[in-house]
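The values are calculated or read from the model by the stated rules, or taken from the named source; none is laboratory data. Note that this is a predicted model, so its numbers are computed, not measured. Virtual Cβ from ideal backbone geometry, glycine too; neighbours counted across all protein chains shown.
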Amino acid sequence: MHDPLLFEQRPHWWSDRRAELSLGAVVAATLAGVVAMLVFVVVQGWPSFAHNGLAWFGSGGSVDQQIKAMFLSGETGGHYVYTFHAWALIWSTILIVGGAAALSFVSSLFVAVFVVEFAPDWMKQILHPVVRLLASVPSVIYGLLGVLVLVPFIGNHVINQADKASVSHIISLSGYSLIAGVLILTVMIAPLMISIFADGLRSVPRHWLEASQALGINRWRTFWKVGVRAARPAIVAGTVLAMARALGEAVMLAMVSGSVGFAPNPFDGLIFLYEPSRPLAPTIIQNIEGLSSPPLKHTLFAIASVLLVSAMLLSLAGWAAKQPLKRYAAA
Amino acid sequence: MSGEALTRPAVLPPRKGATEASSTWSRMDRLGLAICWLLGVLFCAIAAAIVIFMMVQGIKYLRPSLLVTSPTAGFSESQTGGFLDPLIGTVVVALLGLAIALPLGVTIAVWLTEYGRPFSLARATESTIEMLAGVPDIVLALFGLLIFSSPILGFLSRSSGHVVFGRSFFAAGAMLSLVALPLIVGSTREGLQAIPAHIREASLAVGKTRFATIRRILLPTARPSVITGSMLGLGRIIGDTAIIVVLLGATLTTNPAGGTPVLGVLKGTGSTLTSFIYANSPTGEANQPTKAYAAAFVLLLVVLALNLCVDLIGRRRKAVTWSS
């Protein structure tokens, strides 16, 4: 027999308190999972850092030969080789991500200002879906277009024979180049920048702009001196977040950057733009079959942990930079 | 200022032509505006070029037979078959990823907006989700390979003896859900935050518990936001390549592990449209650019359709407003 008080005293199986606790537990578990990911990846990469010390980030020897030696030493199972100097890959990452971020920053700022303030309504209605479209095209399609359209174009029409001959004893120029990677990456990260910039510019209180215009400053100057300055947090955040995105781009760059562990030198003149290289992220995807070899596996995880830590720091910085903007909502 | 503007009653909204024309600006300012126009038109041109070029290539190379035949190894276009398996693979991976990301994302968003205590855990969660959005997918792929090739999770992929392969639809779907998670959390949170406090208070006042309020009132109201977030997440899952290439194995055809009908496929390896394009690009192993173009066209159509859905939902969402 049931106790008549049963239904009144015992809380419902899905009571409020339990609901809060179980939701909180799911959240905490997800949190723990992400932290575990950070720890796992760094721990797996540690042997590579431990064997090379700070020279891991330095230059020396050919990266491609080092990767090959590591792979072979893992296959034979004897004495593992860990020597790895990633500077060529890091330098390529800096050039491509930096170049794309710089190009994208300038164009995104102008486009965001245009979309928010100066474009006529019909232009705004075109630009919104255009930005969304560019943001949602998968990276592999960008890569395919790069490899089948942009790379042959650069190889056949932009680089002339004299240029090719001048560096033929070091590296062959075929169109797989720094500039191809930078240009496509610019188009890929610009939508992210534009949308964050535009959100920030829109949240600038209208009366600040009106006050400036009331003093006789024209709309253009007003918007750049007041609007863009007030939206600085969003501009910093957008740039940083887009850089984090660019840093992790592996597939497109694996397709167009040329996949040679080579560090283009800007002091050689503009020809460095046409030279192939390979950033950090594509290195992982192209050596993924080498995971069976322990030293190469640890090295790939070391590369991944460098990417992970820098991307996490960049995202966190972007998130922190965005916080001051919330004040404007109250203003 | 003309006299007409001064005598206009103050209550009238500013007229359309009330802002000053750019012809009164200095030359530098007008140059700046010209750059704005140039870049705006340039972006439109790039987008149009991508869509039109892909459409031309798609119409040229896409045959209905490609959609229903499986890829086979071969050296010429007539031998290599179509991309039925990648098409199915994309659907499977998208469903798996969403099946994990949707409940998890909604749970996190609900907890963050409706409970959010202790405060430190809420802040930590917020920043972790933010960080997760920035984690490169190739790192997620490596991490996935690490955990799914551990013996404990061996039942989720092919294994021989003590060696766990670690590559399967399960593994890829689980890692892809992490790609979609931040988008779903962000969109759901926005939707929940847009619901005014008096709606919650009204529900609590008639004796509903907080959880009943969430389940019966808040979530149904925020449904368009949840769907928008899922669509955005779905777009990211479908478009992702690195995780697929690493975690789904390098086989072009679906390669089930074991005899169980559905479970075997999920435990086995396969391909999706993105990995098919990657393998068929000139830098890939199969190298059949015309097939890659056809598959890329299909992929682009799917992504555009998802975009359209988000647009339609967004328009409907704007129609619902709270009277204050």
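Among the residues in the range A:148-165, are any within 11 Å of another protein chain (Cβ to nearest Cβ) and either buried (at least 24 other Cβ atoms within 10 Å of the Cβ) or among the small types (Gly, Ala, Ser) (or both)?
yes
Could you grab me the full set of residues in the range A:157-177 that are part of a loop (DSSP other than H, G, I, E, B) and under 18 Å from A:VAL256 (Cβ atoms)?
A:ILE159, A:ILE171, A:SER172, A:LEU173, A:SER174, A:GLY175, A:TYR176, A:SER177
Find the residue count for the range B:195-211, including only residues that are modelled with pLDDT under 90 and in contact with a helix residue (DSSP H, G or I) (Cβ under 9 Å, 6 or more places away or on another chain).
Residues that pass the stated criteria total 4.
Sort out which residues of the range A:273-328 are among the charged types (D, E, K, R), in a helix (DSSP H, G or I) and either within 10 Å of another protein chain (Cβ to nearest Cβ) or buried (at least 24 other Cβ atoms within 10 Å of the Cβ) (or both), and write them in order of number.
Of everything in the range A:273-328, those that are among the charged types (D, E, K, R), in a helix (DSSP H, G or I) and either within 10 Å of another protein chain (Cβ to nearest Cβ) or buried (at least 24 other Cβ atoms within 10 Å of the Cβ) (or both) turn out to be A:GLU289, A:LYS297, A:LYS322.
Residue-by-condition table, conditions (1) of a type in the set (Gly, Ala, Ser); (2) over 23 Å from the mean Cα position of the chain (by Cα):
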| position | (1), (2) |
| --- | --- |
| B:GLY249 | yes, no |
| B:ALA257 | yes, yes |
| B:LYS267 | no, yes |
| B:THR290 | no, yes |
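Could you list, in sequence order, the residues of the range A:132-142 that are part of a helix (DSSP H, G or I) and facing another protein chain (nearest Cβ under 7 Å)?
The answer is A:ARG132, A:LEU133, A:LEU134, A:SER136, A:SER139, A:VAL140, A:ILE141.
In the range B:105-151, how many are surrounded by fewer than 18 Cβ atoms within 10 Å (Cβ to Cβ) and in contact with a strand residue (DSSP E or B) (Cβ under 9 Å, 6 or more places away or on another chain)?
The total comes to 2.
Name the residues in the range A:111-126 that are within 7 Å of chain B (Cβ to nearest Cβ) and surrounded by 22 or more Cβ atoms within 10 Å (Cβ to Cβ), would you? So that I can check it myself, show each step before the final result.
Of all residues in the range A:111-126, those within 7 Å of chain B (Cβ to nearest Cβ) come to A:111, A:113-114, A:118-119, A:123, A:126.
Selection gives A:VAL111, A:VAL113, A:PHE114.
When you check A:SER177 against the structure, is it out of contact with any helix residue (DSSP H, G or I) (no Cβ under 6 Å at 6 or more places or on another chain), within 27 Å of A:ARG245 (Cβ to Cβ), polar (S, T, N, Q) and more than 9 Å from every other protein chain (Cβ to nearest Cβ), yes or no? Don't jump to the end; show me each part of the working.
Values: out of contact with any helix residue (DSSP H, G or I) (no Cβ under 6 Å at 6 or more places or on another chain): no; within 27 Å of A:ARG245 (Cβ to Cβ): yes; polar (S, T, N, Q): yes; more than 9 Å from every other protein chain (Cβ to nearest Cβ): yes.
Judged against the criteria, A:SER177 is not a match.
Take the residues of the range B:25-63 that are in contact (Cβ under 8 Å) with a residue 24 or more places away in the chain and not in a helix (DSSP H, G or I): which is farthest from the chain's Cα centre (by Cα)?
B:ARG63
Among the residues of the range A:248-266, which ones are outside any loop (DSSP other than H, G, I, E, B) and surrounded by 24 or more Cβ atoms within 10 Å (Cβ to Cβ)?
Selection gives A:VAL251, A:MET252, A:LEU253, A:ALA254, A:MET255, A:VAL256, A:GLY258.
Do we have any residue at all in the range A:108-126 that's farther than 30 Å from A:VAL228 by Cβ and in the same structural domain as A:ILE285 (by TED's automatic domain parsing)?
Taking the range A:108-126 and keeping what is farther than 30 Å from A:VAL228 by Cβ, we get none.
Checked the range A:108-126: no residue is farther than 30 Å from A:VAL228 by Cβ and in the same structural domain as A:ILE285 (by TED's automatic domain parsing).
Determine if the range A:148-164 includes at least one residue that is closer than 30 Å to B:CYS309 by Cβ and assigned by TED's automatic domain parsing to the domain that holds A:ALA246.
yes
Could you tell me whether the range A:197-211 includes any residue that is β-branched (Val, Ile, Thr), surrounded by 16 or more Cβ atoms within 10 Å (Cβ to Cβ) and either part of a helix (DSSP H, G or I) or outside the structural domain of A:SER92 (by TED's automatic domain parsing) (or both)?
Scanning the range A:197-211, I find no residue that is β-branched (Val, Ile, Thr), surrounded by 16 or more Cβ atoms within 10 Å (Cβ to Cβ) and either part of a helix (DSSP H, G or I) or outside the structural domain of A:SER92 (by TED's automatic domain parsing) (or both), so the answer is no.
For B:ALA99, are the conditions met, namely being more than 14 Å from chain A (Cβ to nearest Cβ) and assigned to a loop (DSSP other than H, G, I, E, B)?
Details: more than 14 Å from chain A (Cβ to nearest Cβ): yes; assigned to a loop (DSSP other than H, G, I, E, B): no.
Criteria not met by B:ALA99.
What helices (runs of 4 or more DSSP H) lie completely within the range B:205-324 and have 3 or more residues being in contact with a Ser or Thr (Cβ under 9 Å, 6 or more places away or on another chain) and closer than 27 Å to A:LEU150 by Cα?
B:223-239, B:242-247, B:273-280, B:289-319
Condition check ((1) hydrophobic (A, V, I, L, M, F, W, C); (2) within 13 Å of chain A (Cβ to nearest Cβ); (3) surrounded by 24 or more Cβ atoms within 10 Å (Cβ to Cβ); (4) over 22 Å from B:ILE152 (Cβ atoms)) across all residues:
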| position | (1), (2), (3), (4) |
| --- | --- |
| B:ILE184 | yes, yes, yes, yes |
| B:ARG189 | no, yes, no, yes |
| B:ALA202 | yes, no, no, yes |
| B:ARG223 | no, no, no, yes |
| B:ILE277 | yes, yes, yes, yes |
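Among the residues of the range B:152-181 satisfying the criterion of being of a type in the set (Phe, Trp, Tyr) and either farther than 14 Å from B:VAL91 by Cα or touching a strand residue (DSSP E or B) at 6+ places or on another chain (Cβ under 6 Å) (or both), which is surrounded by the most Cβ atoms within 10 Å (Cβ to Cβ)?
Within the range B:152-181, the match that is surrounded by the most Cβ atoms within 10 Å (Cβ to Cβ) is B:PHE165.
Out of A:ILE217, A:ILE194, A:ILE184, A:ILE170, report the one residue that is surrounded by fewer than 18 Cβ atoms within 10 Å (Cβ to Cβ), β-branched (Val, Ile, Thr) and within 11 Å of chain B (Cβ to nearest Cβ).
Just a single option satisfies the conditions, and that option is A:ILE217.
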